[in-house]
Amino acid sequence: MTQSKPLPTPTPETQPYWDSCKSHAMKLPRCKSCSQFHFYPRALCPHCWSMDLEWVTASGKGKIYSYVISHRPAPGFQDDVPYIIGVVELDEGVRLMTNIVGVIPEPKNIWVGMDVSVEYEDVSETITLPTYKPI
Ligand SMILES: [Zn+2]
């Protein structure tokens, strides 16, 4: 039996993020007091504790901060191996864990500092996952 992939469960704090991904125009939370972005979304700015936050459309661009090529699948990912799990530092300064797509998953094809741009994968009626592709 094939196990399905786990999906995120939006919370009141993360729902705007998931809604923006669903519309293929990712938004990130930014603090109106100190002007810094943060990720993951939460009720308070982690830099200055202000609750005065806004949602800003992200550039969709970033650089690979770290990555691993997985050859041993987590439950639900058995049909995807090998695949790339990456941490991307977005131009807005925040980092998020994602999949790197659109490239053969071999070390010669991927490097730290590589420029990437967002792609969107509609995985259910309500969830769209951002992935990143080399540019
Ligand atoms: Zn702040």
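Here the stretch 15-134 is assigned +1 on the Cβ of each Lys and Arg and -1 on the Cβ of each Asp and Glu. Its dipole about the Cα centre then comes out at about 340 debye.
Run down the aspartates and glutamates and flag those whose C-alpha is under 13 Å from the C-alpha of Lys32, throwing out any fewer than 8 positions away in its chain. Straight-line reach from Lys32, under 13 Å: Asp52, Glu54.
Using a 7 Å offset from Cα along Cα-Cβ at His24, what residues in the stretch 58-94 end up with backbone N under 17 Å from the label point? In the stretch 58-94, the label zone of His24 (backbone N under 17 Å from the point 7 Å along Cα→Cβ) covers 58-61. Under a cut-off of 21 Å between alpha-carbon atoms, report the lysines in cross-link reach of Lys61, not counting same-chain residues fewer than 8 places apart. Candidates past the 8-residue exclusion: Lys22, Lys27, Lys133. Dividing the mean sequence gap of close Cα pairs (under 8 Å, 6+ apart) by how many residues the chain holds gives a relative contact order of 22 percent.
Every number in this text was worked out from the coordinates using simple rules, so none of it is lab data. Quick caveat, the model's predicted, so the values are computed rather than measured. Cβ: placed from backbone, ideal geometry, glycine included. Neighbour counts: every protein chain shown.
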